[in-house]
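Trainee: To start, I am sharing the structure in question, which I have written as structure tokens.
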Amino acid sequence: MVDRPHRPVRLPSEAFDVHEGGLDPAVVLRIAHDSARALVHRVRSSDDPDLVDRMVAYTDEHGLETLAELWSRAGARTLPGALWRLSLLRALIRTDPAGVALLFQRGSEVLSTADVVVAGAESPTGPDEIRALADAVLRGAYVGDVAVALDRAAAFCRTAAAGAADLADDADAAADDSRAAELTTRAARLASSGRDFSACAALERAGSLD
């Protein structure tokens, strides 16, 4: 999974422990799935062009707490899990756009795949371009093609993972062990997220992403 943002996120259990033992985990997961489907359906069927803008602005103002309460418990290869991780990825990019841009730019230099094109970032890719990409991918999940948005997120993660791995090699060569370890861990998490996003895109196209 992608690294979590530095801003504290309220633990999901705090929202559900309203009585001893909290809600049944199965009930929580069902609510997560139902709410994810309802939100996507509402945005797609709305004739209000500002709905997505307001939703994204609310997330920016209040952090990820509202989403975390329901969606963070869902599996990575589910609709609520995918929406949660897309929002988390965007938050991480906005937390450190310069650092993430460096990973992506380096990855674009070492990869020979079409991932850079699929991700859709402008070149050269700096902090502003990375922020724009993050916004576009999240919005695409609500108002565009969910599978395409997930494919773009997967391609972004693979590109950034390749960049992190390459920078880790540089740090290793410079005997900066702590930096090398940090980048290697980040590369592994990004690669894992890329696999999950790709799997979700395939499930969505098969009509099985719930």
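The values are calculated or read from the model by the stated rules, or taken from the named source; none is laboratory data. What you see is a predicted model, and the numbers here were worked out from it, not measured in a lab. Cβ placement follows ideal geometry from the backbone for every residue including glycine, while neighbour counts extend to all protein chains displayed. Quick note on the areas: whole protein, heavy atoms, side chains included, nothing else; ligands and nucleic acids left out. Shrake-Rupley method; radii C 1.70, N 1.55, O 1.52, S 1.80 Å.
Trainee: Taking only the stretch 76-99 into account, find how many residues are open to solvent by less than 40 Å² (accessible area, probe 1.4 Å), in a helix (DSSP H, G or I) and within 30 Å of Asp210 (Cα to Cα).
Mentor: Of the stretch 76-99, the ones open to solvent by less than 40 Å² (accessible area, probe 1.4 Å) are 76, 78-93, 97, 99.
Narrowing the set further to residues that are in a helix (DSSP H, G or I) leaves 79-93, 97, 99.
Those still in the list that are within 30 Å of Asp210 (Cα to Cα) too: 79-93.
Adding up the residues that qualify gives 15.
Trainee: Does Arg44 fit the bill of being basic (Lys, Arg), open to solvent by 20 Å² or more (accessible area, probe 1.4 Å) and modelled with pLDDT of 85 or more?
Mentor: No; evaluated as a whole, the condition is false for this residue.
Trainee: Within the stretch 129-144, is even one residue part of a loop (DSSP other than H, G, I, E, B), under 19 Å from the mean Cα position of the chain (by Cα) and surrounded by fewer than 20 Cβ atoms within 10 Å (Cβ to Cβ)? Lay out the reasoning, then the answer.
Mentor: Step one: of the stretch 129-144, the residues part of a loop (DSSP other than H, G, I, E, B) are 144.
Filter once more, keeping what is under 19 Å from the mean Cα position of the chain (by Cα): 144.
Filter once more, keeping what is surrounded by fewer than 20 Cβ atoms within 10 Å (Cβ to Cβ): 144.
Yes: the stretch 129-144 contains one or more residues that are part of a loop (DSSP other than H, G, I, E, B), under 19 Å from the mean Cα position of the chain (by Cα) and surrounded by fewer than 20 Cβ atoms within 10 Å (Cβ to Cβ).
Trainee: Shifting gears a bit: Looking at Asp166, Asp172, can you tell me which residue is closer than 21 Å to Leu89 by Cα, open to solvent by 40 Å² or more (accessible area, probe 1.4 Å) and part of a helix (DSSP H, G or I)?
Mentor: Every option except Asp166 fails the conditions.
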